[in-house]
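What follows draws every value from the coordinates through simple rules; no lab data is involved. Keep in mind that what you see is a predicted model, and the values were worked out from it rather than measured. Because the Cβ atoms are built from the backbone with ideal geometry, glycine has one as well, and the counts that use them run over all protein chains shown.
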Amino acid sequence: MPKQKRVLTAWLQSAPPPAFAGYAIVASFSVYFFMFAFRKPFAAAQYEGLSFLGTKVDLKTALVIGQVLGYGLCKYAGIKFCSEIGRATRANALVLLILLAEAAWLLFGVLPNDWKVVAVFLNGFPLGMIWGLIVWYLEGRRTSELLLAGMSCSYIVASGLFKDIGLVMMTTFDMPEPWMPAVTGLCFLPAYLLAVWMLNQLPEPDLQDVAARVRREPMTAAERLAFVKRFLPGLLLLLVVYFFLNAYREYRDNFGREMFLELGYDGMPAMFTRAELVVAFGVMAALAALNLIQDNRRGLLGAFAIMACGTLLLGVSTLLLQLGHISGFSWMVAVGLGAYLAYVPFGSVLFDRLIASTRAIGTAVFAIYIADALGYTGTISVMLYSDLAQGDVSRLDFFRGLTCFMSALGTLLLAAGCVYFFVKSRASTPPGEPPA
C-alpha cells in the first residue's frame, strides 16, 4: 500500500492540470457524496402521526433537530479540530468518523421512538467534521474554485438521491423506517472507503499554488483570534446571512417531501433527484467560472455576486409562483438553485478567495467552521419556531414566508459584506504592488 500511494501521488504531482483536477474532483466528490448515504436517507421517512414526548413537536422534526444539533455542535468542535489537524491523520479520521455514524444508525434501529433522537444526534456529530477534512485537500490551489465547485455538487445531488434510495428501500424492499438508514449506510460503506483512499493520494499544493493563493498551514489559537479580530465587522454580516441561509436550506432539504406533496406531486418518480440535478449543474457552472478569474480581488467580488444573485432568485421565483407564471416543481428547483448559489460559496470559494486577496494568515477551513457552527444553530432555532410558534401553518406556507425573508435579508447583507471585504482587500495590497 505505501509503495502504491507514493507512485500515484508522484504521478499526480507531475500530471497535466486537467488530469489532476479531474482526479481531485472525482475523489473529493465521491467522499462527500457517499457520506450522504450515512446522513440523509432517514429524511425520506415521514414518521407520520408520531409526536416527540407527547408534545406539539412532530417526531420527524425532533429527529431532524437531533441530527442537526449533533452536526452543529461538531462544527464548534471543528473550529479547533479541523483547523489544527495535520495531513498524516486526515484519512484515518475520515474512516473513523463514518464508522461512528453507521454505529449510531444501528442504535437508531433498536431504540424506542423518543430515544431515537439520541441516536440521530450521535450520527450527526461525527459527520460534521468530514467537510472540513476534505476541504483541507483542495484549498490553496490555483484551481481551488474548480475543485471546490466539483466537490460542492456532491451534497446537492446526494441529498436528493439518497432520499430517493431511502424511499425505494421502504416501498420496494419493505424496509422498516427504523432500519432503513443503517442498511443504506452499510451498502455504500465500501465505496466510501475507496473514495477516502483516492483522496489521500493527492499531493500538497506546489510552489506555484502557494505563490497564487498563499500557503495554508494549521492555525494556532492566537492566529485564529487574530483572524477574527481583523475581519470581525465583515464576518458578522456574513454570519447573520448564514445563520438564516443554512436554516432555509435545511428546511427545504428535510421537509421537501412534505412540500412536494402539498404542491400536488405525489408519486412523481425520483422527484428529489430530478430537482437537485438541475440545481447542481447550475451551481457548478457558476462556481467553475470563477476559476477563470486570476485576480483574487475580482474573484472575491465574483463570489459575492453569485451569492447575491442566489438570494435575489429566491424572491423573484416566489413572486412568479404567486402570479401563476411557473409551476410548483419549477419553483422548488428555482429556490433550490438560489439557496445553493448563496450557500455553496460559504463552504468553498468565498473564504479561499478572501484569504488569498487579503493575504491573511489562516486556512479557509477555520472560517468555514465558524460559519457552519452558527448556521446549524440557526437551523435548530428556525425548526423549533416552525413547530412551536407556527404549528398551525403548513410546511409549504411557512417555507414561502421564509423564502421572502431570506431573499430580502440576504441580498442586503451580502451587498454590505462585499463592500467591506473589497475595501479590506485593497488595504492589504502594499503600495506599488499589483493586487493579489
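Can you pull the one-decimal nm distance between simple spin-label points at GLN13 and GLU84, each 7 Å off the Cα toward Cβ?
Inter-label distance under the simple model: 3.0 nm.
Counting chymotrypsin sites (Phe, Trp or Tyr not before Pro) as exposed when in a DSSP loop with at most 15 other beta carbons within 10 Å, what is the longest stretch of the chain free of them?
The segment 174-436 is the longest one with no such site.
Which whole-Hz couplings ³J(HN,Hα) result when phi for each residue of region 367-380 is put into the Karplus expression 6.51 cos²θ - 1.76 cosθ + 1.60, θ = phi - 60°, listed in order with x for Gly and Pro?
Calculated HN-Hα couplings, in order: 5, 4, 6, 4, 4, 5, 4, 6, x, 6, 5, x, 4, 4 Hz.
In degrees from 0 to 90, rounded to the nearest 10, what is the angle of the helix 59-84 Cα long axis to the longest principal axis of the chain?
20 degrees
With a cap of 16 neighbouring Cβ atoms within 10 Å, and only residues DSSP puts in a loop, list the trypsin sites (Lys or Arg not before Pro) found in region 51-95.
Those satisfying the criteria are LYS56.
For the pair ALA427/ALA305, report the inter-label distance in nm, with labels modelled 7 Å from Cα in the Cβ direction.
Going by the 7 Å Cα→Cβ label model, 2.5 nm.
Filter the cross-link list LYS75/LYS163; LYS40/LYS424; LYS75/LYS424; LYS75/LYS229; LYS40/LYS80 down to pairs whose alpha-carbon distance in this structure exceeds 31 Å.
LYS40/LYS424
Reachable aspartates and glutamates from LYS116, Cα under 18 Å, same-chain residues fewer than 8 places away excluded?
GLU48, ASP58, GLU102, GLU177
Pull up all non-local amide H partners of SER51: gap of 5 or more, or a different chain, and H-to-H distance under 5 Å with H placed in the peptide plane.
Under 5 Å from the amide H of SER51: LEU59.
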